[in-house]
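Notes follow once the structure below has been shown.
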Amino acid sequence: MFVTTLAIPTHQESCLKEITHEVQRAIDESGIRDGSCLVYVPHTTAGLLVNENADPSVANDLVAALERLVPRRGSYSHAEGNAAAHIRASLIGASQCFVVSQGRLLLGTWQGIFLAEFDGPRQRHVIVSVQG
Ligand code: ZN
């Protein structure tokens, strides 16, 4: 098994940052040709998702829809002031598992892997584990 941690800076309070190429680079580095790849975000106000990477308006719509679904201001108990970010991250989830075949991530034509930032900007970590 190969494990590495990616350092990913985000530049907005709420955004989707594509990390497909970084994950593929980790698989390349692992030397593992066939198996699976777990991508995990060890944060409580960020998540990981798979969606369209061809048209950036899809990512923008996703962020905007989550902002409407879970508004930043509301009657929350969490005193830190970022309850909405925790809730959005919980809705998205913290990990995804992918198939690796012949050294490549098996993704659909329009799919990309995104770090979902809900309390940025900040430096995030993404753990990539490749199993042969
Ligand atoms: Zn908090």
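Taken together, the values in this text are just the output of simple stated rules run on the coordinates, not laboratory data. On a predicted model such as this, the values are computed, not experimentally measured, just so you know. A quick note on method: Cβ atoms are made from the backbone with ideal geometry, for glycine too, and the neighbour counts reach across all protein chains shown.
Annotations
- Residue among 118, 98 that alone is touching a Cys at 6+ places or on another chain (Cβ under 6 Å) and touching a residue at least 12 places away in the same chain (Cβ under 8 Å): 98
- Of all residues in region 34-49, those satisfying the criterion of being in a loop (DSSP other than H, G, I, E, B) and either among the hydrophobic types (A, V, I, L, M, F, W, C) or within 16 Å of the ligand (Cβ to nearest atom) (or both) are 41, 42, 43, 44, 45.
- Qualifying residue in region 75-91 (condition: in contact with a Pro (Cβ under 9 Å, 6 or more places away or on another chain), within 18 Å of residue 10 (Cβ to Cβ) and in a helix (DSSP H, G or I)): yes
- Region 74-88 residues that are of a type in the set (A, V, I, L, M, F, W, C), paired with ones that are near the ligand (Cβ under 8 Å from one of its atoms) (beta carbon under 7 Å, 6 or more apart): 85/45; 85/119
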